[in-house]
Amino acid sequence: MLFRGKVGYFYLFLGYAMLLYVILARCRGIQAWLLLIAFREDEEAARMLGVPTVRVRLIALGASAALTAVGGTLYAQYYQFLDPASTFGINFSIQVALLTMVGGIGTAAGPFFRGAPDDAARAVLPGVARRRRGGLVLALYGIALILVVLFLPNGIVPEVRRRLGGRAHAEADDDAA
């Protein structure tokens, strides 16, 4: 799967991100989603209430693995080369942590906020080569992670909902969760 430029990959990734968003948004409220939330909150209590925790865990793991495999395949197609340092290094691990924490754990729109520290580094130091900017990007990731944990423990999306008056919508999501 080769494209002439980066624009084709952009639309491919955008399409996949939108597909994931739709899947996550549609899953809210179905019984399997509610079982996952019960399992997440208190596995022991869920088991006592009759939730098949092993089955729920396997379904969640399988769905996550399948969707991640497709994303990883697209990632590999874009870069055309993968090595352990680029896929399993500390930078990637911090990015994954930010992916879930900055946007908001359990929100469908949360992962779209992950790129903010890298974009900030590009904006602050546009003329600096990417190789020399790596340390700054890691520092920005660390600072962003600390700030989110301290000031936005629920993430950006729940905070934006709260400030825009979506408190009732956020509370309904919490009740469903």
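Note on Arg163, Arg40: ascending count of other Cβ atoms within 10 Å places them as Arg163, Arg40, the fewest first. In a simple Cβ point-charge model (Lys, Arg +1; Asp, Glu -1; nothing else charged), region 1-82 has a dipole of about 340 debye relative to its Cα centre. Please list log₁₀ I(q)/I(0) at q = 0.14, 0.25 Å⁻¹ for region 1-82, using the Debye equation with identical point scatterers on the alpha-carbon positions. Rounded to two decimals, the profile gives -0.62, -1.16.
Fully extending the segment from Leu145 to Phe81, taken as 0.36 nm per residue of separation minus the present Cα-Cα distance, adds 20.2 nm.
The order of Thr73, Thr107, going from fewest to most other C-beta atoms within 10 Å of their C-beta, is Thr73, Thr107.
Any read-out appearing in this document is the output of simple, stated calculations on the displayed coordinates, not a laboratory observation. These figures come from a predicted structure and were not determined experimentally. In this analysis, Cβ positions are derived from the backbone assuming ideal geometry, glycine residues included, and neighbour counts consider all displayed protein chains.
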